[in-house]
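Input: a single structure, listed below in structure tokens.
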Amino acid sequence: MKIKAAVVREAHGDFTVEEVDLVEPNPDEILVKLVATGICHTDLAIVEQIMPVPMPMVLGHEGAGVVEKTGANVTGFAPGDHVVLTFNTCGHCGPCHEDHPAYCEQYPLLNFYTRRPDGSATIHDAKGEPLGGAFFYQSSFATYALSQARNTIKVRKDAPLELLGPLGCGLSTGSGTVFNVLKPGPETSVAVFGTGAVGMSALMAAKAMGAGRIVAIDRVESRLELARELGATDTIDTSKQDLAKALEELGGVDHAIDTSGVPKLIAAAVAALKERGTCVLLGASKEQELTLNILPLISGRVIRGVVNGDCDPTLLIPKLVDMYLEGTFPIDKLSAFYSLEDINQAVADSNSGKTIKPILRLASA
Ligand SMILES: [Zn+2]
Ligand SMILES: [Zn+2]
């Protein structure tokens with residue numbers, strides 16, 4: 001079928017909106033008419049080739065839409081269902097069985113291979129040339145997507161579907177890290193390094209869990225203002241304050257969540273940890289090496305990475321939708337809408353810090 005998609009054809013290139021051809025769903029696939037999709041830093045990391053995925057490519061992995069058609073083997077979904085698309089997993093490896101699907105052994109094949117697992121392409125351009133697709137088994141910078149049952153999450157119909165796509169990646173990454181890994185209580189302090197969508201969602205989750213102290217760190221004052229509104233008890237503006245000194249004045253923190261991937265900031269996060277504290281790494285940047293002092297780590301401090309908030313998306317995404325409707329996870333305050341044609345503007349606004357979470361509107365629900 002003919003669809004519209006934003007295609008990126010070369011490293012560091014712009015997106016071009018093209019009419020392309022999406023193949024029919026196979027028996028294990030679901031055809032979703034997309035209503036909206038978030039833009040995540042992982043999409044942009046691929047454009048910049050920080051993560052090497054071959055081009056040309058239809059990116060996008062925070063899709064939300066309505067089920068149009070299901071393959072013969074798909075159960076549990078019907079046309080008209082409202083769904084959020086997320087990362088895909090196999091469902092039968094050790095990590096999937098042990099309820100850590102974000103560490104699925106088939107993750108690269110099912111999310112980054114750019115083809116179906118059988119090697120066939122799902123999207124072709126106007127000349128009939130194959131394009132990279134099936135990105136996070138969705139490639140949602142498009143008007144329609146093919147997904148599988150395991151990365152398609154049904155959501156309640158009274159929630160505004162156009163806002164929900166980012167729950168599939170960025171917003172579950174930050175909040176899941178807090179709910180599933182750090183689990184702060186009233187005696188716990190949590191510092192969030194970088195108040196983008198991932199950081200803000202971590203902060204909102206920390207507030208929901210009743211964390212005693214929540215420190216937001218950024219260099220953009222408007223973001224820190226929003227962070228205070230969303231639950232930060234303290235803020236550090238690194239454009240004006242000395243980060244290490246400010247953290248020391250707070251007496252250190254129990255946990256740190258780094259969303260920046262910047263080694264200098266991660267080193268500051270680790271240095272600020274109290275004994276038995278954990279620093280979680282969620283982001284990557286161009287610089288990927290870090291030098292640390294060993295001695296402070298021996299006193300029970302932990303540095304670890306977390307993927308997709310170590311969440312089971314079938315539980316976390318509906319929970320976040322409920323929290324949004326209850327007013328405790330106000331994702332509308334992070335979001336700004338753009339048309340598919342304005343995708344390059346959306347990317348520019350994300351890179352400049354003007355927009356925290358850009359969402360492309362693709363159709364009405
Ligand atoms: Zn698996
Ligand atoms: Zn993402």
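The values are calculated or read from the model by the stated rules, or taken from the named source; none is laboratory data. On a predicted model such as this, the values are computed, not experimentally measured, just so you know. All Cβ positions, glycine included, derive from the backbone under ideal geometry; neighbour counts span all protein chains shown.
Which is touching an Asp or Glu at 6+ places or on another chain (Cβ under 6 Å) and aliphatic (A, V, I, L, M), of V35, V23? Step through it out loud before you land on a result.
Values: V23 fails: touching an Asp or Glu at 6+ places or on another chain (Cβ under 6 Å).
When all the criteria are applied, what remains is V35.
How many of the residues making up segment 282-299 are among the hydroxyl-bearing types (S, T, Y) and surrounded by 10 or more Cβ atoms within 10 Å (Cβ to Cβ)?
To start, the set of residues in segment 282-299 that are among the hydroxyl-bearing types (S, T, Y) comprises 285, 291, 299.
Keeping just the survivors that are surrounded by 10 or more Cβ atoms within 10 Å (Cβ to Cβ) gives 285, 299.
Adding up the residues that qualify gives 2.
Criterion first (crowded, with 17+ Cβ neighbours inside 10 Å, at pLDDT 95 or above and in contact with a strand residue (DSSP E or B) (Cβ under 7 Å, 6 or more places away or on another chain)) does G80 satisfy it?
Numbers: crowded, with 17+ Cβ neighbours inside 10 Å: no; at pLDDT 95 or above: yes; in contact with a strand residue (DSSP E or B) (Cβ under 7 Å, 6 or more places away or on another chain): yes.
Answer is no for this residue.
Quick check: anything in segment 288-306 part of a helix (DSSP H, G or I) and under 18 Å from G63 (Cβ atoms)?
Taking segment 288-306 as the starting set, the residues that turn out to be part of a helix (DSSP H, G or I) are 295-298.
After this cut, where a residue has to be under 18 Å from G63 (Cβ atoms) as well, the list is none.
Looking through segment 288-306, none of the residues is part of a helix (DSSP H, G or I) and under 18 Å from G63 (Cβ atoms).
Checking F136 against (1) assigned to a helix (DSSP H, G or I); (2) at negative phi; (3) within 16 Å of ligand 2 (Cβ to nearest atom): exactly one of these is not met. Which one?
So F136 meets the others, but not (2).
Pick from L273, L265, L247: which is in contact (Cβ under 8 Å) with a residue 60 or more places away in the chain, of a type outside the set (F, W, Y) and closer than 21 Å to A206 by Cα? Show your work before the answer.
Numbers: L273 fails: in contact (Cβ under 8 Å) with a residue 60 or more places away in the chain; L247 fails: in contact (Cβ under 8 Å) with a residue 60 or more places away in the chain.
Residue meeting the stated conditions: L265.
Could you tell me whether any residue of segment 339-348 is touching a residue at least 24 places away in the same chain (Cβ under 8 Å), among the hydrophobic types (A, V, I, L, M, F, W, C) and assigned to a loop (DSSP other than H, G, I, E, B)?
No, every residue in segment 339-348 fails to be touching a residue at least 24 places away in the same chain (Cβ under 8 Å), among the hydrophobic types (A, V, I, L, M, F, W, C) and assigned to a loop (DSSP other than H, G, I, E, B).
Keeping to segment 49-75, report how many residues are without any contact (Cβ under 8 Å) to a residue 60 or more places away in the chain and on the phi < 0 side of the Ramachandran plot. Working first, answer last.
Initially, segment 49-75 is screened for residues without any contact (Cβ under 8 Å) to a residue 60 or more places away in the chain, giving 49, 52, 69-73.
Keeping just the survivors that are on the phi < 0 side of the Ramachandran plot gives 52, 69-73.
Matching residues across segment 49-75 total 6.
When you scan segment 307-332, how many residues do you find that are closer than 14 Å to A159 by Cα and assigned to a helix (DSSP H, G or I)?
Going through segment 307-332 one residue at a time, the tally reaches 12.
Just checking: which of the helices (runs of 4 or more DSSP H) contained wholly in segment 6-122 hold 1 or more residues that are within 23 Å of L167 (Cα to Cα) and within 19 Å of the chain's Cα centre (by Cα)?
On the way: elements: 41-47, 94-97, 107-111.
Passing ranges, in order: 41-47, 107-111.
When the residues of segment 91-111 are filtered to those that are hydrophobic (A, V, I, L, M, F, W, C) and buried (at least 17 other Cβ atoms within 10 Å of the Cβ), which remaining residue is nearest to Q49 (Cα to Cα)? Walk me through it before giving the result.
So the first thing to find is which residues in segment 91-111 are hydrophobic (A, V, I, L, M, F, W, C), and the list is 93, 96, 102, 104, 109-110.
Checking which are buried (at least 17 other Cβ atoms within 10 Å of the Cβ) leaves us with 96, 102, 104, 110.
Working: C96: 29, A102: 22, C104: 23, L110: 19 Å.
The residue in question is L110.
Based on what the data block shows, is L22 within 20 Å of A149 (Cα to Cα), aliphatic (A, V, I, L, M), away from ligand 1 (no atom under 16 Å from the Cβ) and in contact with a strand residue (DSSP E or B) (Cβ under 6 Å, 6 or more places away or on another chain)? Give the derivation first.
Working: within 20 Å of A149 (Cα to Cα): yes; aliphatic (A, V, I, L, M): yes; away from ligand 1 (no atom under 16 Å from the Cβ): yes; in contact with a strand residue (DSSP E or B) (Cβ under 6 Å, 6 or more places away or on another chain): yes.
Yes: the conditions hold for L22.
Check L167, L161 and return the single one that is crowded, with 24+ Cβ neighbours inside 10 Å and either touching a residue at least 40 places away in the same chain (Cβ under 8 Å) or charged (D, E, K, R) (or both). Walk me through how you get there before you give the answer.
Values: L161 fails: crowded, with 24+ Cβ neighbours inside 10 Å.
Within the list L167, L161, the selection yields L167.
Given A211, A202, which one is within 19 Å of S172 (Cβ to Cβ), surrounded by 15 or more Cβ atoms within 10 Å (Cβ to Cβ) and touching a His at 6+ places or on another chain (Cβ under 9 Å)? Even if it seems obvious, please write down each step before you answer.
Details: A202 fails: touching a His at 6+ places or on another chain (Cβ under 9 Å).
Exactly one residue qualifies, and that residue is A211.
From the list F87, F77, which one is of a type in the set (A, V, I, L, M, F, W, C) and away from ligand 2 (no atom under 16 Å from the Cβ)? Steps first, please.
Working: F87 fails: away from ligand 2 (no atom under 16 Å from the Cβ).
That would be F77, the only listed residue that is of a type in the set (A, V, I, L, M, F, W, C) and away from ligand 2 (no atom under 16 Å from the Cβ).
Is it the case, given these coordinates, that L131 is in contact with a strand residue (DSSP E or B) (Cβ under 9 Å, 6 or more places away or on another chain), at pLDDT 95 or above and either within 16 Å of ligand 2 (Cβ to nearest atom) or within 17 Å of M51 (Cβ to Cβ) (or both)?
On the way: in contact with a strand residue (DSSP E or B) (Cβ under 9 Å, 6 or more places away or on another chain): yes; at pLDDT 95 or above: yes; either within 16 Å of ligand 2 (Cβ to nearest atom) or within 17 Å of M51 (Cβ to Cβ) (or both): no.
Taking the combined requirement at face value, the residue does not satisfy it.
What number goes with the only condition from (1) at pLDDT below 95; (2) within 11 Å of ligand 1 (Cβ to nearest atom); (3) among the polar types (S, T, N, Q) that Q49 does not pass?
Failing condition for Q49: (2).
Has segment 354-362 got any residue that is part of a helix (DSSP H, G or I), in contact (Cβ under 8 Å) with a residue 24 or more places away in the chain and under 18 Å from the mean Cα position of the chain (by Cα)?
Within segment 354-362, the first condition is being part of a helix (DSSP H, G or I), and the residues that meet it are none.
Taking every residue of segment 354-362 in turn, none turns out to be part of a helix (DSSP H, G or I), in contact (Cβ under 8 Å) with a residue 24 or more places away in the chain and under 18 Å from the mean Cα position of the chain (by Cα).
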